[in-house]
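Report on one structure; see the data block that follows.
The values are calculated or read from the model by the stated rules, or taken from the named source; none is laboratory data. Quantities reported herein were computed from a predicted structural model and do not represent experimental measurements. FYI the Cβ positions are ideal-geometry reconstructions off the backbone, even for glycines, and counts take in every protein chain you see. Each accessible area value is taken on the protein alone, full model and side chains, heavy atoms only, with ligands, DNA and RNA left out. Shrake-Rupley method; radii C 1.70, N 1.55, O 1.52, S 1.80 Å.
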There are 4 protein chains.
Amino acid sequence: MSLLNVNDVSYSYDGIVNVLLDVSFTVEEGTIVGLVGPNGSGKSTLIKNIFDLVRLQSGSIRIGGHEHARPEAKKQAIYLSSNDYLPEFLTAREYISMMGKLFGLDVDHGEALGLFRKFAMEGRYDDLIEDYSHGMRKKTQLVSALVIRPPLLVIDETLNGIDIEALHLAEGEFRKVRDEGRSVLLCTHDFAVLERLADRTLFLDLGYVVRDEQTKDLVEEHGSVAAMVFDYLETSER
Amino acid sequence: MSLLNVNDVSYSYDGIVNVLLDVSFTVEEGTIVGLVGPNGSGKSTLIKNIFDLVRLQSGSIRIGGHEHARPEAKKQAIYLSSNDYLPEFLTAREYISMMGKLFGLDVDHGEALGLFRKFAMEGRYDDLIEDYSHGMRKKTQLVSALVIRPPLLVIDETLNGIDIEALHLAEGEFRKVRDEGRSVLLCTHDFAVLERLADRTLFLDLGYVVRDEQTKDLVEEHGSVAAMVFDYLETSER
Amino acid sequence: MSLLNVNDVSYSYDGIVNVLLDVSFTVEEGTIVGLVGPNGSGKSTLIKNIFDLVRLQSGSIRIGGHEHARPEAKKQAIYLSSNDYLPEFLTAREYISMMGKLFGLDVDHGEALGLFRKFAMEGRYDDLIEDYSHGMRKKTQLVSALVIRPPLLVIDETLNGIDIEALHLAEGEFRKVRDEGRSVLLCTHDFAVLERLADRTLFLDLGYVVRDEQTKDLVEEHGSVAAMVFDYLETSER
Amino acid sequence: MSLLNVNDVSYSYDGIVNVLLDVSFTVEEGTIVGLVGPNGSGKSTLIKNIFDLVRLQSGSIRIGGHEHARPEAKKQAIYLSSNDYLPEFLTAREYISMMGKLFGLDVDHGEALGLFRKFAMEGRYDDLIEDYSHGMRKKTQLVSALVIRPPLLVIDETLNGIDIEALHLAEGEFRKVRDEGRSVLLCTHDFAVLERLADRTLFLDLGYVVRDEQTKDLVEEHGSVAAMVFDYLETSER
């Protein structure tokens, strides 16, 4: 089954230029899909459409089988942005409870505490987020997504700037998510992470899906995902 | 009628020390109430209780006549924090639409555009928030609260660091809110703002309501709100 | 003696519009001078001229008797900006040592530790700044200026957002600076702080010094500094 | 010739535990060296020692042939931190001029403007940094280092979160630096960037140099730099 189904989505801010043009792709259950896009690719607009932050203009989007603007759909997916802006006047416990409530569930704080320990933040769960470093804030976002356990995780550069152990742990956690039949849409410029994790890589540019292939096929063809992307940047008429 | 009714609220994080102890006060329709509290006063915990970010332990809180944890109550009040952390990948228009949706309403973007003009941000409404200065982000938060128009605005140091004209404008807007029978709970250390705006001043310390008086009476008695607070800090056994 | 002597300074970014026009004022030894200016007043440009961050175009500036661009002048004054951006990979001890070195002195860490205790940051002096809250960062900036003890402190909205006790303490420290014959140029929109501290208030707008008077005379004439400023904003042809 | 010569450097904060133990390595002219280290590896302390932000306890460090604490040494290397904290009240032009002054040179603003154009920031050079996005701030840091042209660039996760084109351009610029006989010490967790750029990779852990090898040899032996690092993390008794 597809956890995310984007079907023929086009979008224009001004009615003239299309920022997205007939974008279609799916994220199947139990897969990790990488999403790569340079500036002006439409990646942000695509994410805003998926999460109903702008009104869909044409095409359709289904999350977990539900039309994307419906409340049922909104409980199927969580979005972690590249920022580490959390409400500073809350503790991690309070933040994670609040996030849980938005998804209609009582979070298992024992599980969150276990992840805090694994992510080298033991003893900090009840401290105010205003005293957390940037890395800790990113890891707190990850922990919230891991304990809320929605079918689909959309991770937008959230791994940037976290330490190597945390990166290694996060990769392990994403593999577990996949093993459980859930899915991850991973937006990142860290091509090594993509090559290690992503079953499929989606390359978006100028509002089009330029490539949508098995990551291993891309690597075989181009040597690396980076080579594919940089070759494209150098040869395309952008 | 009381827009906010806090009645005998106590709170402890560890079951031993009370961070709030029998806190009671009201914010009546058409008033601006100042809330002042030093570190460790319990001010943050009070706000978390009001907005149901921690579970009420004893006492009761009503917002607009509704029990504070009910969905109806949550549409009666908006909280603006001291941070200027907005989702950077949205434009102001998208952010304000999203905030409106949380309150179940379609925002009047014409009104928001008018406020953007007044607040010297003409032509920036459709720019990404990631390109806004700190001052612009604070003003965007204010604009969102002003167009959503909930009965109660809780403003927590949001005016810090905005420019003088914006401060002057914001004060005028808060007076309009009061004239319309709506209310503002204004948490600030800027005692001059308090003296200009707040009908009543609430001084919290160590979990108690130390003073709850007409601001003009406090000023008459102590010379200024600052003098009252600083005298207290110097003489109390904290 | 004047610690700061700004004499007939004009400045234009484009050679056409003057952002500063014949600005002259002094900060005498042992005084606290408030500097107030709305958006577009030229306040930032004035500070950049004083600290030689833009090249002086006309007029002259002397700090501690030295021509402002000379190395001797640069050790006479410290500038604390409104941001709390400190190098996060340093501890407070390392940061304050580094700042001391820039002023050619070995900082007295015992004094800094004493101030950390007074400012409720005991035991945090050797922690990385990346784990400090915004308030702690602001207080660390203040401590650095207080232990470096240059003749002139220029404080630009640095007190925004610190807690009430810290504000109260900082005001006491600034009075001590004044008692020692040193001086403070205090840029702030917190008019209550100005009225409590500033011997003289300088009001800048559109590149001109609009007012330069004893603060108590301004308060006597207008009721408050805020009233003077807001009346001006409402009646001027800006 | 070695641009950076770290020789038998040990360091302890408390006189008991060594955070660095006999660390020795060199960065030769015309090379790009990757530096990888997990939490607690001593990487930050190493950088603080190199840039004389903590006092050297044992061993020696030479930059461009000069003892590292001497003024001549300090003009041989620039450090770009992972933060994007620039003085917000300056324009890029003013910031880059100020940085140039610290290195005793008049910056070529034409070259900086050219890089602004290449990095998709045309027309923003004279805007205040407070209006720049995080990505623009990172790119401005890069441009400052590229126009100041010191023999050694130390880049600490500065490429995190910049867009793909900027990453591609930055890689090209680093190769030019190498071609000119200058050098880059590149601290990053982006192992794909390391594999593309770094001639040699240094892996630090627990204060020791664990590996110091040609990157291509590491890749040949382990499949990838990431595999080497993650294998190490899983098998070491940390």
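Name the single residue, out of those in region C:69-84 being within 14 Å of chain D (Cβ to nearest Cβ) and over 13 Å from the mean Cα position of the chain (by Cα), that is most open to solvent (accessible area, probe 1.4 Å).
C:ARG70
Pick out the one residue from B:LEU105, B:LEU146 that is more than 24 Å from C:GLY40 (Cα to Cα), more than 13 Å from every other protein chain (Cβ to nearest Cβ) and either of a type in the set (S, T, N, Q) or buried (at least 19 other Cβ atoms within 10 Å of the Cβ) (or both).
Numbers: B:LEU105 fails: either of a type in the set (S, T, N, Q) or buried (at least 19 other Cβ atoms within 10 Å of the Cβ) (or both).
It is B:LEU146.
When region C:52-67 is examined, which residues are found to be open to solvent by less than 50 Å² (accessible area, probe 1.4 Å), more than 14 Å from chain D (Cβ to nearest Cβ) and not polar (S, T, N, Q)?
Selection gives C:GLY59, C:ILE61, C:ILE63, C:GLY64, C:GLY65.
Might you check whether a residue that is on the phi < 0 side of the Ramachandran plot and surrounded by 23 or more Cβ atoms within 10 Å (Cβ to Cβ) occurs anywhere in region C:205-214? Explain how you work it out, then say what you get.
Quick first cut of region C:205-214, residues on the phi < 0 side of the Ramachandran plot only: C:205, C:208-214.
Okay, now just the ones that are also surrounded by 23 or more Cβ atoms within 10 Å (Cβ to Cβ), so none.
The answer is no; no qualifying residue exists.
How many residues does region A:173-196 contain that are closer than 21 Å to A:MET1 by Cβ and not polar (S, T, N, Q)? So that I can check it myself, show each step before the final result.
So in region A:173-196, the residues closer than 21 Å to A:MET1 by Cβ come out as A:174-186.
If we keep only those that are not polar (S, T, N, Q) too, we end up with A:174-182, A:184-186.
Result for region A:173-196: 12.
Do any helices (runs of 4 or more DSSP H) entirely within region C:149-238 hold 2 or more residues that are in contact (Cβ under 8 Å) with a residue 12 or more places away in the chain and within 20 Å of the chain's Cα centre (by Cα), and if so, which?
Details: elements: C:164-179, C:191-197, C:215-222, C:225-235.
Where helices (runs of 4 or more DSSP H) fall fully within region C:149-238 and carry at least 2 residues being in contact (Cβ under 8 Å) with a residue 12 or more places away in the chain and within 20 Å of the chain's Cα centre (by Cα), they are C:164-179, C:191-197, C:225-235.
Which of the residues that make up region D:85-96 are buried (at least 20 other Cβ atoms within 10 Å of the Cβ) and not in a loop (DSSP other than H, G, I, E, B)?
D:THR91, D:ALA92, D:TYR95, D:ILE96
Which of the numbered conditions does A:VAL33 fail, given that it passes all the others? Conditions: (1) modelled with pLDDT of 95 or more; (2) not assigned by the TED database to the domain that holds A:GLN214.
(2)
Let me confirm something: among C:SER236, C:SER183, which residue is under 23 Å from B:ILE162 (Cα atoms) and of a type outside the set (A, V, I, L, M)?
On the way: C:SER183 fails: under 23 Å from B:ILE162 (Cα atoms).
Sole residue among the options that is under 23 Å from B:ILE162 (Cα atoms) and of a type outside the set (A, V, I, L, M): C:SER236.
Has region A:30-48 got at least one residue that is open to solvent by less than 50 Å² (accessible area, probe 1.4 Å), of a type in the set (Lys, Arg) and over 30 Å from B:LYS48 (Cα atoms)? Even if it seems obvious, please write down each step before you answer.
Going residue by residue through region A:30-48, those that are open to solvent by less than 50 Å² (accessible area, probe 1.4 Å) are A:30-38, A:41-43, A:45-48.
Among the residues that remain, those that are also of a type in the set (Lys, Arg) are: A:43, A:48.
Narrowing the set further to residues that are over 30 Å from B:LYS48 (Cα atoms) leaves A:43.
So far as region A:30-48 goes, yes, one or more of its residues are open to solvent by less than 50 Å² (accessible area, probe 1.4 Å), of a type in the set (Lys, Arg) and over 30 Å from B:LYS48 (Cα atoms).
Which numbered condition in (1) open to solvent by less than 60 Å² (accessible area, probe 1.4 Å); (2) among the hydrophobic types (A, V, I, L, M, F, W, C); (3) over 21 Å from C:ASN160 (Cα atoms) is the only one that B:MET228 fails?
All conditions are met except number (3).
For A:GLY110, which of the numbered conditions (1) over 21 Å from the mean Cα position of the chain (by Cα); (2) surrounded by fewer than 18 Cβ atoms within 10 Å (Cβ to Cβ); (3) within 13 Å of chain B (Cβ to nearest Cβ) fails to hold?
Against the list (1) over 21 Å from the mean Cα position of the chain (by Cα); (2) surrounded by fewer than 18 Cβ atoms within 10 Å (Cβ to Cβ); (3) within 13 Å of chain B (Cβ to nearest Cβ), A:GLY110 comes up short only on (3).
Would you confirm, using the coordinates I've provided, whether A:LEU128 is touching a strand residue (DSSP E or B) at 6+ places or on another chain (Cβ under 8 Å), open to solvent by 10 Å² or more (accessible area, probe 1.4 Å) and hydrophobic (A, V, I, L, M, F, W, C)? Step through it out loud before you land on a result.
Working: touching a strand residue (DSSP E or B) at 6+ places or on another chain (Cβ under 8 Å): yes; open to solvent by 10 Å² or more (accessible area, probe 1.4 Å): yes; hydrophobic (A, V, I, L, M, F, W, C): yes.
Against the criterion (touching a strand residue (DSSP E or B) at 6+ places or on another chain (Cβ under 8 Å), open to solvent by 10 Å² or more (accessible area, probe 1.4 Å) and hydrophobic (A, V, I, L, M, F, W, C)), A:LEU128 qualifies.
Residue-by-condition table, conditions (1) over 30 Å from D:ASN83 (Cα atoms); (2) in contact with a strand residue (DSSP E or B) (Cβ under 6 Å, 6 or more places away or on another chain); (3) open to solvent by less than 20 Å² (accessible area, probe 1.4 Å):
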| site | (1), (2), (3) |
| --- | --- |
| A:ILE155 | no, yes, yes |
| A:THR158 | no, yes, yes |
| A:ILE162 | no, no, yes |
| A:HIS168 | no, no, no |
| A:GLU171 | no, no, yes |
| A:ASP179 | yes, no, no |
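How about region C:104-138: which of its residues are part of a helix (DSSP H, G or I) and free of Cβ contacts under 8 Å to residues at least 12 places away in the same chain?
Within region C:104-138, the subset part of a helix (DSSP H, G or I) is C:109-118, C:129-131, C:134-138.
Matches in region C:104-138: C:GLY110, C:GLY114, C:ARG117, C:ASP131.
Could you tell me which residue of region A:165-192 is farthest from the other protein chains (Cβ to nearest Cβ), considering only residues that are among the aliphatic types (A, V, I, L, M) and over 22 Å from A:SER224 (Cβ atoms)?
Looking at the filtered set, the residue picked out is A:VAL177.
Results for (1) among the charged types (D, E, K, R); (2) touching a Phe, Trp or Tyr at 6+ places or on another chain (Cβ under 9 Å); (3) not assigned by the TED database to the domain that holds B:VAL23, shown as yes or no for each residue.
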{"residue": "B:ALA112", "(1), (2), (3)": "no, yes, yes"}
{"residue": "B:PHE116", "(1), (2), (3)": "no, yes, yes"}
{"residue": "B:GLU173", "(1), (2), (3)": "yes, no, no"}
{"residue": "B:HIS189", "(1), (2), (3)": "no, no, no"}
{"residue": "B:LEU194", "(1), (2), (3)": "no, no, no"}
{"residue": "B:LEU197", "(1), (2), (3)": "no, yes, no"}
{"residue": "B:GLY223", "(1), (2), (3)": "no, no, no"}
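For region D:4-20, what are the residues that are open to solvent by 50 Å² or more (accessible area, probe 1.4 Å) and either over 22 Å from D:VAL184 (Cα atoms) or within 14 Å of chain C (Cβ to nearest Cβ) (or both)?
D:TYR13, D:ASP14, D:GLY15, D:ILE16, D:VAL17, D:ASN18
Answer yes if at least one residue in region C:151-164 is of a type outside the set (Asp, Glu) and within 14 Å of chain A (Cβ to nearest Cβ), and no otherwise. Don't jump to the end; show me each part of the working.
Keep residues of region C:151-164 that are of a type outside the set (Asp, Glu), which gives C:151-155, C:158-162, C:164.
Pick out the ones that are also within 14 Å of chain A (Cβ to nearest Cβ) and you get C:161-162.
Checked against the condition, which is being of a type outside the set (Asp, Glu) and within 14 Å of chain A (Cβ to nearest Cβ), region C:151-164 yields at least one hit.
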